[in-house]
Structures are given as structure tokens and as C-alpha cells.
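Read the structure below first, then the notes.
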Amino acid sequence: MSERSVPGEGLVKGLAVTLKTMTRRSTTQQYPDVAPELPPRSRGVIALLAENCTVCMLCARECPDWCIYIDSHKEEVAVPGAARPRQRNVLDKFDIDFSLCMYCGICVEVCPFDALYWSPEFEYAEYDIKDLLHDKDHLGEWMGTVPPPPAHDRNGEPAKEETTAARKAAAPAAPAARPAPTRVRPEPGAAPGPGAAEPGAAS
């Protein structure tokens with residue numbers, strides 16, 4: 001049989017919670033007057049380092065939202081000693097439409113030349129949705145807000161490059177090849193040396 005509740009018990013419990021909360025110090029952050037403390041790996045906006053971009057189009061092909069637009073042209077570069085000039089891609093346009101972006105980070109992960117980075121910058125709201133299309137100049141300005149990479153965990157596994165370098169440094173040097181012994185042809189009539197076959201002996 002359940003116990004009967006005392007009339008007004010719920011009201012007393014609610015007032016107790018209210019009084020307990022009133023005695024605590026407020027933890028509300030006064031944004032935008034006070035900037036929030038963001039976690040180290042916050043995903044705010046994607047920054048572009050145009051010097052590293054080779055226009056491989058891998059980020060645009062892998063983007064599930066198709067919100068990356070890239071355009072380029074080819075230029076001939078004269079290489080000293082080469083038979084003919086080489087061609088290289090020059091980036092003309094790199095736009096990201098953040099009204100379509102879902103911040104999955106695939107473009108940052110698949111970039112083989114470290115041209116895209118996560119920036120904690122998040123104050124880029126616009127009054128018109130059309131203004132959320134940012135070009136390469138605007139994306140390049142956000143590179144100044146990209147934090148430095150975290151230090152490597154000393155208890156974690158070393159990088160492959162470090163393991164390879166340590167293995168090469170620890171490997172002993174290959175011993176020098178010993179010269180083959182030269183055989184001196186005995187003079188006619190001289191006594192044969194030790195181990196020499198006697199004339200007429202079966203080979």
C-alpha cells in the first residue's frame with residue numbers, strides 16, 4: 001500500500017530547489033561581451049592555405065554536400081635542364097558554401113597536401129544566406145585563427161616517420177667487403193707452398 005502524500009509536499013520540494021539554486025553563484029557566460037572558452041578541437045569554420053593547394057579536386061569530389069567549388073588554369077614552368085617546360089595548376093577559385101556544409105570534416109581529412117584546416121572561429125553569421133558563400137581570400141584570412149597542432153602524446157605510439165628514422169639510425173653500418181686474396185704464381189722450379197697440389201696428383 002502506497003504512502004499518502006502530504007498536501008503541499010511538492011510545493012515545498014520545489015521551493016527548496018529554488019532556494020538552493022539562488023544561493024549558488026551564477027555560471028552564465030556573458031556572451032558576446034565575454035568570449036567563450038572553446039574546447040581545443042572545436043569545429044568552427046574551414047580555413048584554406050592556398051599555397052598548399054594543388055587543385056587535385058579530392059576535397060570537392062569527396063564532399064557529400066557538394067558545397068566546394070574549385071576552378072583553376074594551367075601555367076607552363078620552365079625547368080632548368082629539362083627538355084620542355086612543365087605545367088602546373090594555378091588556383092583561381094576556391095569557394096565553400098557554408099549554408100550547405102554539414103561540418104563533417106571529410107575535406108580536411110582527405111586533403112593530401114594539408115591545405116584545409118579547422119578553425120575555432122564561429123562568428124561568421126550573415127543576414128542573407130547568399131553571403132555564406134566564402135571565397136579563397138576569406139578562407140585564407142581564417143588561417144590566422146587556426147591553433148597549433150597538439151603535442152604528441154609521449155605514451156602513445158610514435159609516428160611512422162619517427163620509427164623509420166630510429167630504425168635507420170640504430171642499424172649497424174655494413175662491414176666493408178674484404179679484398180679477395182691474390183694468388184702468387186710460383187716461380188719455375190720453386191718448392192710448392194703449403195696446400196699446393198703436387199704435380200701429377202689427381203684433381
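The values are calculated or read from the model by the stated rules, or taken from the named source; none is laboratory data. The structure presented is a predicted model; accordingly, all values stated were derived computationally and were not measured. Glycine gets a Cβ as well: all are built from the backbone with ideal geometry, and neighbour counts include every protein chain shown. Each accessible area value is taken on the protein alone, full model and side chains, heavy atoms only, with ligands, DNA and RNA left out. Shrake-Rupley method; radii C 1.70, N 1.55, O 1.52, S 1.80 Å.
Determine whether the stretch 13-28 contains at least one residue that is touching a Pro at 6+ places or on another chain (Cβ under 8 Å) and either under 22 Å from residue 144 (Cβ atoms) or of a type in the set (A, V, I, L, M) (or both). For the stretch 13-28, residues touching a Pro at 6+ places or on another chain (Cβ under 8 Å) and either under 22 Å from residue 144 (Cβ atoms) or of a type in the set (A, V, I, L, M) (or both): absent. Among strands (runs of 3 or more DSSP E) entirely within the stretch 26-142, having at least 1 residues that are loosely packed, with under 14 Cβ neighbours inside 10 Å and at pLDDT below 90 singles out 68-77, 86-97.
Cβ separations smaller than 9 Å between residues 6+ apart or across chains give the following pairs from the stretch 82-110 residues that are farther than 12 Å from residue 68 by Cα to residues that are hydrophobic (A, V, I, L, M, F, W, C) and open to solvent by 60 Å² or more (accessible area, probe 1.4 Å): 85/78; 86/78. For the stretch 1-22, the tally of residues that are among the hydroxyl-bearing types (Ser, Thr, Tyr) and either modelled with pLDDT of 85 or more or surrounded by 10 or more Cβ atoms within 10 Å (Cβ to Cβ) (or both) stands at 2. Go through the stretch 46-68 and report how many residues are over 23 Å from residue 144 (Cβ atoms) and within 16 Å of the chain's Cα centre (by Cα). Adding up the residues that qualify gives 1. Quick check: anything in the stretch 163-184 over 30 Å from residue 62 (Cβ atoms), modelled with pLDDT under 95 and surrounded by 11 or more Cβ atoms within 10 Å (Cβ to Cβ)? Scanning the stretch 163-184, I find at least one residue that is over 30 Å from residue 62 (Cβ atoms), modelled with pLDDT under 95 and surrounded by 11 or more Cβ atoms within 10 Å (Cβ to Cβ), so the answer is yes.
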